[in-house]
Amino acid sequence: MNILGLSFDYHDAAAALVVDGVPVAAAPEERFSRLKHDRRLPARSVEFCLGRAGLTAGDLDAVVFYEKPFRKLSRILAGAVSTFPSSGALFRRAMGAWIDERLWVGPRIEAALGVAPEKILYCEHHLSHAASAFLCSPYEAAATLTVDGVGEWATAAIGRGSRAPFRLSLDVEMRYPHSLGLLYSAFTAYLGFEVNEGEYKVMGLAPYGTPRYADAVRGMIRPFSDGSFRLDLDWFEFHRDPARSFSRKFEDAFGPARAPGSGDPAGDKRLCDVAASVQLVCEELMLGLAREARRRTGSPNLCLAGGVALNAVSNARLLREAGFGSVWIQPAGGDAGGALGAALYAAHALEKSPARYEMRTAALGPEHAAAEAAGALKAAGLPFVETRGEDDLCERVSGLLAGGKVVGWHQGRSEWGPRALGQRSILADPRPAAMKDTVNAKIKFRELYRPFAPSVCAAAAAEWFDLPPGPAPDPYRFMLATAQTRPDRRERLAAVTHVDGSSRVQAIDPAQSPLFHRLAESMGRVTGVPATLNTSFNLKGEPIVETPADAVSTFLASGMDALALGPFLTTGRPENPQPRRQTWGSSRTPPDASAW
Amino acid sequence: MRAILADARRRLLAGAVRVAAALGAVLLAVVYWLVLGPVALTLRVLGVDLLGVRGKPSTAWTPVENPDPKPRLEGAG
Amino acid sequence: MGIVKDAARRVGVVNGLFAFLWRNRLWWMIPIFLAVLVVGFIVALAAHPAAAPFIYTLF
């Protein structure tokens, strides 16, 4: 069966195609449209998915939307009614969006794809998340925990899954407005970052502070002994105001909010301390939820998804402290991942014997032929060489990196999820401390305090980072958890070790990413450190590059020294620089709140 | 001539959208105060706790119903 | 998509919504949604159909 999963209308629209139980293609719309967090119906992603499988829309057996729109609408209305008369603006904006677009999900899918209405299905939001983790995991049976801002009503859910016979059910859920994701987002907004985008900046800021406000943050929450909790709504506005997520009381307790884009937040001790405090409380709450999942299900395995499952620091604590023997986390934890989960759930619900699938690699996006890469370089007037095979490419690139150069790396199928894992990456030498500032300032044009991650050969990971001996746990495959850099190695990993000694490690599996692994090995031979500094191939505020042409224009717009585009390597600048494409990073979809 | 007409049509369209949007905002405000308001006040008088924020429960977990997988996928509600 | 076909599909969605509200005993939502849908109808008439998808960004 050919089943297409879709998520759109909120943040990160995406499409995923599952054929006979196996995901063959998945990609977020932003990579094609070049609009960060594009939330429109993902027509281009669909086109890619179908094309990759050699199908047309007529070949689809089902199209599954990642949530139940009517339930969500009833929750939004319940919220507006219970906060009357202060929810007028929220009601107008939300209902405007719903009567104009959001209510008509079915007809819009029909019109865009030309599929029959009876083929359009809807999978609950947290069930989609749970399926995206469990049905990609290696487990026969497992507990699931999904935590995000809010789906229909649920903000977190505990469930359980088994492969044979297939069963995936949700036991209990926490409901709006009591939400860990919305709590974290309120602090994201308070700290002057964009909600649904800047959460990982809060996480990156936290190690610069001490959690001296942790008790104040805990004061916003009424926890129960079973890990669940309620929020004290006096601190928040998200349930009644479309433009504001925290209340006056919030600013009375923590001081004035940071204006977006103002100053260096890492230079303000108070803001760092607030970030450290909310991060600590987030970790505590996640641990409480995970321990309850363990207690309820008795399973030694946990599958994790939802936006909060992208918090690598809390994931690391969860791996160590929640009591599970093994944890698997969906790399596209946010709403984009819901498209894949919805399609996988439907495949198991509709098919007698779907293939058993385990996600070992996130490379589910488009691939571009060498000819296209050469064409993009020629079009930009860039001189380039064709390397003599992968060994030659890796040797040349590691030589450049060891010499202090920053290299764009565009290879193979693009990654599923927000992390660059060696397909669309900007690479640098992980050793010199100054490299962090160089890449932040000259390459990505972003805040100097932001940390970078290392990608290291899996076999050597435990030697450099505080990881258990043997193969690194799966979340490290996808850069979904942090680990402490071993103290005696920190000097040699100075660019990728955060101020608290932690590092968001990617352990490169040679079987799944042979080329990227070979590059790290080559780095080991040249520098003695089998790793690279690895950050996503984009500039601040833009989506990760998709095509060779995107890569070339980003290369030209930044201070990168070289670009490895498939088998080709360029270190030169064009004689006659081409103007930047106008569509590229020119605008964003309008801001949106997850709550409505 | 054709260009002028096309331009006029585009302006007219943009104007219509703006007018419709403003009209929509006004009408939704009317609905908010005249329809939603009385419903909200009635529910408040009846003591209905729509968001689950009152009372002193011992947990915030709510049990979830789990229909069979196939029917579970049917319908937008 | 023809306007008639599109309208028929939207009527189907509205039917589904009210069936959902009825089934879940959310009767009190019915008058509010009826009013909102009337607003939607008026707005759709006021705007050119081709422009309709862009309206809500202006709200």
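Going by amide H atoms built from the backbone, whose H comes under 5 Å of the H on A:Arg175, apart from near neighbours?
A:Thr155
Other chains' Cβ within 10 Å of A:68-79 residues: what's the mean?
Partner-chain Cβ atoms within 10 Å, mean over residues of A:68-79: 6.
Taking amide H positions as placed in the peptide plane 1.01 Å from N, state which residues far from A:Leu121 in sequence (5 or more) or on other chains have amide H under 5 Å from it.
Here the answer is A:Val63, A:Val64, A:Phe65, since their amide H atoms fall under 5 Å of that of A:Leu121.
HN-Hα J couplings of the range A:392-406 from phi, Karplus 6.51/-1.76/1.60, θ = phi - 60°, integer Hz, Gly and Pro as x?
In residue order, the calculated couplings are 4, 4, 5, 5, 5, 5, 5, x, 4, 4, 5, x, x, 8, 10 Hz.
Taking the alpha-carbon centroid of each part, what is the distance from the range A:140-180 to the range A:502-531 in angstrom?
35 Å
Can you give the average number of partner chain beta-carbon atoms within 10 Å of each beta-carbon in peptide A:345-354, as a whole number?
Counting other chains' Cβ atoms within 10 Å and averaging over A:345-354 gives 2.
Need the C-alpha centroid separation for the range A:120-134 versus the range A:418-495, integer Å.
Taking the Cα centre of the range A:418-495 as reference, the centre of the range A:120-134 is 32 Å away.
Straight-line reach from A:Lys442: which aspartates and glutamates have Cα under 20 Å away, leaving out those fewer than 8 places along the same chain?
Reachable aspartates and glutamates: A:Asp264, A:Asp429, A:Glu542, A:Asp550, A:Asp561.
Within 10 Å of each Cβ in A:162-175, how many Cβ atoms from other chains are there, averaged over the peptide?
Average neighbour count from other chains, rounded to a whole number: 3.
With just the Cα atoms defining each centre, how far is the range C:16-30 from the range A:201-227? Give it in Å.
Each part reduced to its Cα centre gives a spacing of 39 Å.
Any idea what log10 I(q)/I(0) is at q = 0.15, 0.21, 0.22 Å⁻¹ for the range A:180-327, Debye with uniform C-alpha scatterers and no solvent?
-0.75, -1.35, -1.44
Which order do the peptides A:292-305, A:392-405 take when ranked by the mean count of other beta-carbon atoms within 10 Å per residue, highest first?
A:292-305, A:392-405
Check which residues have an amide H placed less than 5 Å from A:Arg431's amide H, if you skip close sequence neighbours.
It is A:Ala495, by chain and number.
Set the bar at 21 Å for Cα to Cα. Now go through A:Lys36/A:Lys444; A:Lys36/A:Lys249; A:Lys378/A:Lys444; A:Lys72/A:Lys540; A:Lys36/A:Lys119 and name every pair that lies beyond it.
Going by Cα-Cα distance, A:Lys36/A:Lys249; A:Lys378/A:Lys444; A:Lys72/A:Lys540; A:Lys36/A:Lys119 fall outside the 21 Å limit.
Sorted by packing (mean other beta-carbon atoms within 10 Å per residue), highest first, where do A:165-174, A:313-322 land?
Final packing ranking: A:313-322, A:165-174.
Work out from phi, with θ = phi - 60° and the Karplus expression 6.51 cos²θ - 1.76 cosθ + 1.60, the ³J(HN,Hα) of each residue of the range A:280-287, listed in order in whole Hz, and give x for Gly and Pro.
With coefficients 6.51, -1.76 and 1.60, one gets 4, 5, 4, 4, 4, 5, 4, 4 Hz.
In sequence order, what are the phi-derived ³J(HN,Hα) couplings for the range A:267-277 according to the Karplus relation 6.51 cos²θ - 1.76 cosθ + 1.60 with θ = phi - 60°, rounded to whole Hz, with x for glycine and proline?
Working through the residues one at a time gives x, 10, 4, 4, 5, 4, 5, 5, 4, 4, 5 Hz.
To one decimal place, what Kirkwood hydrodynamic radius in Å is obtained for the range A:71-154 from all pairs of distinct Cα atoms?
Taking every pair of different Cα atoms in the range A:71-154, averaging 1/r and inverting gives 15.5 Å.
How do A:486-492, A:18-24, A:333-339 rank on mean C-beta neighbours within 10 Å, highest first?
Put in order of decreasing packing, that is A:333-339, A:18-24, A:486-492.
Output needed for the protein assembly as shown: three equivalent-ellipsoid semi-axes, defined as square roots of 5 times the C-alpha gyration tensor eigenvalues, in descending order, whole Å.
Equivalent-ellipsoid dimensions as semi-axes: 40, 31, 26 Å.
Here, each number is a calculation from the coordinates, and none is a lab measurement. Computed from a predicted model, the values in this text were never measured in an experiment. We place every Cβ from the backbone using ideal geometry, glycine too, and count neighbours over all the protein chains shown.
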